[in-house]
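Step one of this worksheet: look at the structure below.
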Amino acid sequence: MADAATRERRRSVGRPGGGRSEVGRPGVGRPGVVWALPGALFFVFFAVAPMVLVGALAFTDWDGIGTPSWTGMSNWSRLWDDPETHQAIWLSLVLTVLTWVFQTPLALLLGVWAAGRQRNRAVLSAIFFLPLLGSSVALALVWKSLLDPNFGLIADIGPALGFADGDLLGSSKGAFGAVLFVTAWQFIPLHTLIYQGGARAIPRSLYDAAAIDGAGTVRQFFSITLPQLRNTIVTSSVIMVVGALTFFDTVLILTKGGPGTDTTIVPYLMYKNGFQAFDLGYASAVATILVVVATTVSLLLVRLTGFAAMRSTREGM
């Protein structure tokens, strides 16, 4: 009888809901709401409250000193008719699309490669991930020095790239391309790390079974790796798109929105109106539009890709 009781207890531990802990402590389970209170309060005070305040300031005229004066819809009318704002929105959308098109395939391939067992993979991955350790401002200052037409590296290689005087940042297309390249150089390692984690979670048994059926490396990538990384791709895409829409510090250091307004994206337009022209009411209207667009795009990505359902890619295993 004792042996039978012991075997029964061992079996009960492996069953959902079984085990001594559940019997002895009936309250054990999902943590209560109290555990989420510190994070919820932090989010309310440092995210929700500032957004509400900015939304209210969008209907005022304020220079940062004194009391804001109510102006109704004047800032929104100005935003609707301002050609510089239209250009900034267009440039932000173009930068976002090109960022995703350029960074996603590279990060995906590098992440899958880094998840493998190649020789010297760990050393090369560590070197590749170094840009993640630096701040955006510091890295932008380094690249600004490299792209200086007087003493930077671009002075030597500029003619080969079609810039005879080496003034890459003085050209409209060159400056925009530089912003796109520097952001990719900085953030591709982050998304590579995300894809590396996702690729390592794919069961090896899937590849072994495919190899037995005669599937090669390319077929395994498109038939196993990509479908298994579906949720990872959505997660990376949301981070990438929101980051591109709210990108600011590299543009501030590298081009200052120039030449002219050719790299003035929405976050830099908000900065220029708020902290250079001290028109905080109009800057708040621009910021509100930015928050709404970024949130809408994120929700659409989650909705259209089916990510909200959180269906497991390992179903049936």
Mind listing the long-range amide H neighbours of G258? Cut-off is under 5 Å, sequence gap 5 or more, other chains count too, H placed in the peptide plane at 1.01 Å from N.
T263
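With loop defined by DSSP as not H, G, I, E or B, and exposure as at most 12 other Cβ atoms within 10 Å, which is the longest segment of the chain clear of exposed trypsin sites (Lys or Arg not before Pro)?
120-310
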For F45, F176, the accessible-area ranking with a 1.4 Å probe, largest leading, is F45, F176
If you compute Rg/Rh (Cα atoms, Kirkwood Rh) for the structure shown, which of (1) 1.06; (2) 0.99; (3) 1.09 do you land on?
(3)
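For a Förster distance of 41 Å, can you work out the FRET efficiency between the beta-carbons of T67 and W100, rounded to the nearest 0.05?
0.45
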Please give the contour-minus-distance gain from R117 to A40: 0.36 nm per residue of separation, less the Cα-Cα distance, rounded to one decimal in nm.
23.6 nm
Solvent-accessible area, 1.4 Å probe, carbon plus sulfur percent, for the chain
68
For M51 and T296, calculate 0.36 nm times their separation in residues minus their Cα-Cα distance, and state this gained length in nm to one decimal.
86.7 nm
For D81 the rounded accessible area (nearest 10 Å², probe 1.4 Å, non-protein molecules ignored) is 110
Surface accessible to a 1.4 Å probe, per residue, for the residues of the chain, Å²:
60
For the chain, averaging the sequence separation of alpha carbon pairs under 8 Å that lie six or more residues apart and dividing by its residue count, the contact order in percent is 25
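The values are calculated or read from the model by the stated rules, or taken from the named source; none is laboratory data. Just so it is clear, the structure is predicted and the values come from calculations on it, not from any experiment. Glycine gets a Cβ as well: all are built from the backbone with ideal geometry, and neighbour counts include every protein chain shown. Surface areas here come from the heavy atoms of the whole protein model, side chains and all, with no ligands, DNA or RNA. Shrake-Rupley method; radii C 1.70, N 1.55, O 1.52, S 1.80 Å.
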